[in-house]
Amino acid sequence: MTGAAPDAEMLIFDLADIANRPCSLAARAEALLTTIRSVIAHDAAFLSLFEPERCLHSPLARYGYSAQRKRHLDSPAFADDITTLGLLGPAPAATVLSVDASEIYVPLRAGGDYLGLFGLRTTAPERWQEQLTVVAPIIARAIDPRQKLTAMASLVADPIAATVLTRAGSTEPLPGLPGLEACGPAAPVVAEARALLSAGASHASFLAVGASAGYLKVTVLATAGLPPGHRSGIVLMSDPGHLHGLTRPELTVLGLHLAGWDDRRIHEHLDLTAGSLLESICRKLAAPGRDAAIVQAAAHGLYLPAAPA
Amino acid sequence: MPSHRESLAPELALELSDLAAATRQSAESAPAVLELLHRAGSFDAGFVSLFDPQDRRQLLLHSQGHSARVQQFLASPMLVDDFEQLSLLRAHQRPVQVNETISALDSVRGWWEFMRPAGFGRSVGLALTTADGRHLGNIGLQSITKQPPDDAYIELLHRLTRLVARVFDPLRTVSAISQLVTDAYAGTILTRPAEVIPLSGLPGDLLLAAGSPVLSTVAARLHDGLQMLTFLCPTSPGAQTLTRVTALACPPHPLGRLHSVVLLSPPPPRYGLTIRELQVLGLLVDGYSNNAVAAALNLAPRTAVAHVEHIMIKLAASSRTVAAVRALRQGLYLPADLHTTERRAAPR
């Protein structure tokens, strides 16, 4: 075992180790750069995540660059350059050299999606091309922000469908799970989830009626603060769990109360006495009073959200 | 063929980190791990077991290619004794080979009484150790051949073992979950017998000591399928400054002793709510009526009503229950359990 081969192999295992380290993406990126530096001599390097909605790269870790160069790396112009160099698109190059051949750029992708960029400034960067191609997938795994979303999904036992919500109002799939539309109409569920998130909820759950007319538990978790920051939350569908024998009208009444409707309006809307329903709800939830029952139902997601007026 | 295996290393490392990142249960991952190790070098039978340090026992997670008799041995305490003799319970132990050259001491009884009679010529034992030195369990790979494996293979197994350990680490998902509170400054893991385990990457805190009121509140409120709980807490008893507590339920694990991850982070915007109003919200969250709030906080009923009205205005809520639910979801309340002095009389 001589030459560069054992070093390269060590590098793969060391990077894989970091890829699973329990720390923030930024801390992982730091550790990746430090480890790579011990094998590949260079004077500047960066790891950045691509923000599709703003079409620019935001840095996770970098060193060795001037303030001016940093501004350029964060600019939409640089993202455009990268596109021109052939790093994005359906058939991207594995690595690309900068125009003056002092830097090498490695696109980081996972599951066919472009995640971000690894850049390195060194003399004769072309001699590292092959090695960087080998380690790029592991670096991509390490900084894949969706890994954090997957971890978040594990808070819900046996999720059956999921969707990621973005700030700009669109949705993204969550790798490993089908989208919400697999369970029935997704639009009302997504609208309710967005309303909860914009009201400042860090977590919330409610019921939805699935395609087969059965109930589904919907769990909404805010993801603010996770880089690159264009995702606002994640919506997960799972088995409804224990419904305490609550009937459809009872679950509907709970939803109307949670939307702030008063008794009279609920009475007129449903053509029934909401008061008597609340009595049976209290009994079923073993709650000491109607307010306790409503809050308890909200905490456990035991209600059908009122349709927006 | 070492050269062949070297080219395999990146592929195997990548797949192992994918397995570790997936949220599958340990038992489901075990066959996938053995399949992956099989590609590094073939074997005829194998097993994965988890070590429970508390009871010093081995929990057989998965075995393949073994007879019922051998499986019985694998599930027996004898396995732990054999592992002990072979140093396989030691952290960061390199792979250990067992074959017929091993002396017939009763030290490695399982090999002579079960594996050898089942027709195996050699066995390689792996010790699964996390980066922070916790022994998690073992993997055994049995082959009919007696030919000892070459050094390159053992070296590759050693490297892979580190990554395999990650797949079975019960704290893996837990630490991953703790990353969700991106501004956490302290954290701990609460176990089922109400003990605490340090959380890798975050310091502990006095508020999160075993038996602390914060942890009792978490244990009392995070159950019945609730996945997450957020509330406010004074930074020290009686203090006016507040910190945010977030508790996340731990996903199930075969050695299911973990209850939740509890994290402290800076408080969210308070919408101008006073400490008193946050206390009132704590009672509304528990379903107290206005009169019960007044009784619990030693207030005139009219004062309690005024507090509730102010809260509704500040939270832009159309009813007291809407305010309570909004507070619950944003963690904007001081739980009744944390200001124990003034209540207990109120009905629950």
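On inspection, A:Gly245 fails the criterion of being at negative phi and more than 11 Å from chain B (Cβ to nearest Cβ).
Any residue in segment B:269-277 that is surrounded by 19 or more Cβ atoms within 10 Å (Cβ to Cβ), at pLDDT 95 or above and not assigned by TED's automatic domain parsing to the domain that holds B:Leu136? Yes, segment B:269-277 contains at least one residue that is surrounded by 19 or more Cβ atoms within 10 Å (Cβ to Cβ), at pLDDT 95 or above and not assigned by TED's automatic domain parsing to the domain that holds B:Leu136.
If you go through segment B:127-148 one residue at a time, do you hit one that is more than 18 Å from the chain's Cα centre (by Cα), without any contact (Cβ under 8 Å) to a residue 60 or more places away in the chain and in a strand (DSSP E or B)? Within segment B:127-148, one or more residues are more than 18 Å from the chain's Cα centre (by Cα), without any contact (Cβ under 8 Å) to a residue 60 or more places away in the chain and in a strand (DSSP E or B).
Quick check on segment A:65-86: of everything there that is of a type outside the set (D, E, K, R) and surrounded by 15 or more Cβ atoms within 10 Å (Cβ to Cβ), which residue is nearest to the chain's Cα centre (by Cα)? Across segment A:65-86, the extreme among qualifying residues is A:Ala79. Applying a threshold of 7 Å to beta carbon distances and a minimum spacing of six or more residues, or different chains, the list of pairs starting in segment B:291-316 at a residue that is among the polar types (S, T, N, Q) and ending at one that is in a helix (DSSP H, G or I) and surrounded by fewer than 16 Cβ atoms within 10 Å (Cβ to Cβ) reads B:Asn291/B:Pro301; B:Asn298/B:Glu342.
Once segment B:7-51 is narrowed to residues that are under 26 Å from B:Gln97 (Cβ atoms) and of a type in the set (Asp, Glu), the residue that is surrounded by the fewest Cβ atoms within 10 Å (Cβ to Cβ) is B:Glu35.
For every residue, the table says whether it meets (1) buried (at least 16 other Cβ atoms within 10 Å of the Cβ); (2) among the polar types (S, T, N, Q).
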residue	(1), (2)
B:Gln58	yes, yes
B:Phe73	yes, no
B:Asp82	yes, no
B:Ser87	no, yes
B:Asn99	yes, yes
B:Trp112	yes, no
B:Pro117	no, no
B:Thr129	yes, yes
B:Gln142	yes, yes
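Okay, residues lined up against (1) more than 30 Å from A:His203 (Cβ to Cβ); (2) in the same structural domain as A:Ala29 (by TED's automatic domain parsing); (3) among the β-branched types (Val, Ile, Thr):
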position	(1), (2), (3)
A:Ala77	yes, yes, no
A:Gly86	yes, yes, no
A:Ala94	yes, yes, no
A:Trp128	yes, yes, no
A:Leu132	yes, yes, no
A:Ala140	no, yes, no
A:Ala157	no, no, no
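Matching residues to (1) more than 8 Å from every other protein chain (Cβ to nearest Cβ); (2) under 30 Å from B:Gln97 (Cα atoms); (3) in contact (Cβ under 8 Å) with a residue 24 or more places away in the chain:
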position: B:Leu156; (1), (2), (3): yes, yes, yes
position: B:Arg159; (1), (2), (3): no, yes, yes
position: B:Leu163; (1), (2), (3): no, yes, yes
position: B:Phe168; (1), (2), (3): yes, yes, yes
position: B:Gln179; (1), (2), (3): no, no, no
position: B:Tyr185; (1), (2), (3): yes, no, yes
position: B:Thr191; (1), (2), (3): yes, no, yes
position: B:Ala194; (1), (2), (3): yes, no, yes
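Filtering segment A:142-160 to residues that are at negative phi and over 14 Å from the mean Cα position of the chain (by Cα) leaves A:Ala142, A:Val156, A:Ala157, A:Pro159, A:Ile160. Considering the conditions (1) farther than 23 Å from A:Phe78 by Cα; (2) part of a strand (DSSP E or B); (3) modelled with pLDDT under 90, A:Asp158 is excluded by exactly one of them, (2). Scanning segment B:273-289 for residues that are within 13 Å of B:Met312 (Cα to Cα) and not in a loop (DSSP other than H, G, I, E, B), we see that the one that is nearest to the other protein chains (Cβ to nearest Cβ) is B:Leu284.
One residue is enough: does segment B:258-266 have a residue meeting the conditions surrounded by 15 or more Cβ atoms within 10 Å (Cβ to Cβ) and either in a loop (DSSP other than H, G, I, E, B) or without any contact (Cβ under 8 Å) to a residue 40 or more places away in the chain (or both)?
Checking segment B:258-266: not a single residue is surrounded by 15 or more Cβ atoms within 10 Å (Cβ to Cβ) and either in a loop (DSSP other than H, G, I, E, B) or without any contact (Cβ under 8 Å) to a residue 40 or more places away in the chain (or both).
Among the residues making up segment B:312-341, those that are assigned to a helix (DSSP H, G or I) and either on the phi > 0 side of the Ramachandran plot or over 30 Å from the mean Cα position of the chain (by Cα) (or both) are B:Met312, B:Ile313, B:Lys314, B:Arg320, B:Thr321, B:Val322, B:Ala323, B:Ala324, B:Thr340, B:Thr341.
Considering each residue of segment B:234-257, count those that are in a loop (DSSP other than H, G, I, E, B), among the small types (Gly, Ala, Ser) and over 30 Å from B:Ser49 (Cβ atoms), and give that number.
Final tally of qualifying residues: 3.
Every listed requirement among (1) modelled with pLDDT under 85; (2) farther than 20 Å from A:Arg54 by Cβ; (3) within 12 Å of chain B (Cβ to nearest Cβ) is met by A:Ala199 save one, (1). Could you check, for segment A:222-237, whether at least one of its residues is surrounded by fewer than 23 Cβ atoms within 10 Å (Cβ to Cβ), over 14 Å from the mean Cα position of the chain (by Cα) and either at pLDDT 95 or above or on the phi < 0 side of the Ramachandran plot (or both)? No, segment A:222-237 has no match at all. Residue count for segment B:219-233 under the criterion of being among the aliphatic types (A, V, I, L, M), assigned to a helix (DSSP H, G or I) and either out of contact with any Leu (no Cβ under 9 Å at 6 or more places or on another chain) or within 13 Å of chain A (Cβ to nearest Cβ) (or both): the result is 1.
Picking from B:Pro170, B:Pro203, B:Pro198, which residue would you name as being over 16 Å from the mean Cα position of the chain (by Cα) and either modelled with pLDDT under 85 or not assigned by TED's automatic domain parsing to the domain that holds B:Val124 (or both)? Criteria check complete, one pass: B:Pro203. Any residue at all in segment B:223-235 that's more than 27 Å from A:Met237 (Cα to Cα), crowded, with 23+ Cβ neighbours inside 10 Å and touching a Gly at 6+ places or on another chain (Cβ under 7 Å)? Scanning segment B:223-235, I find at least one residue that is more than 27 Å from A:Met237 (Cα to Cα), crowded, with 23+ Cβ neighbours inside 10 Å and touching a Gly at 6+ places or on another chain (Cβ under 7 Å), so the answer is yes.
A Cβ distance below 9 Å, combined with a sequence gap of six or more or placement on separate chains, defines the contacts here; from segment A:284-300, residues that are closer than 16 Å to B:Gly282 by Cβ reach residues that are surrounded by 21 or more Cβ atoms within 10 Å (Cβ to Cβ) and among the charged types (D, E, K, R) in the pairs A:Asp291/B:Arg320; A:Ala292/B:Asp286; A:Val295/B:Asp286; A:Ala298/B:Arg329; A:Ala299/B:Arg329. Counting only residues that are among the β-branched types (Val, Ile, Thr), within 11 Å of chain B (Cβ to nearest Cβ) and buried (at least 23 other Cβ atoms within 10 Å of the Cβ), segment A:126-164 holds 4 of them.
Of all residues in segment A:243-286, those satisfying the criterion of being under 13 Å from A:Leu302 (Cβ atoms) and either assigned to a loop (DSSP other than H, G, I, E, B) or not assigned by TED's automatic domain parsing to the domain that holds A:Ala199 (or both) are A:Leu243, A:His244, A:Gly245, A:Leu246, A:Thr247, A:Ala286. Listed by position, the helices (runs of 4 or more DSSP H) inside segment A:1-112 whose residues that are charged (D, E, K, R) and within 14 Å of chain B (Cβ to nearest Cβ) number at least 1 are A:5-19, A:25-37.
Each residue in segment B:180-194 was checked for being assigned to a loop (DSSP other than H, G, I, E, B) and under 13 Å from the mean Cα position of the chain (by Cα), and 1 of them qualify.
The values are calculated or read from the model by the stated rules, or taken from the named source; none is laboratory data. Source: prediction; values computed, not measured. Cβ: placed from backbone, ideal geometry, glycine included. Neighbour counts: every protein chain shown.
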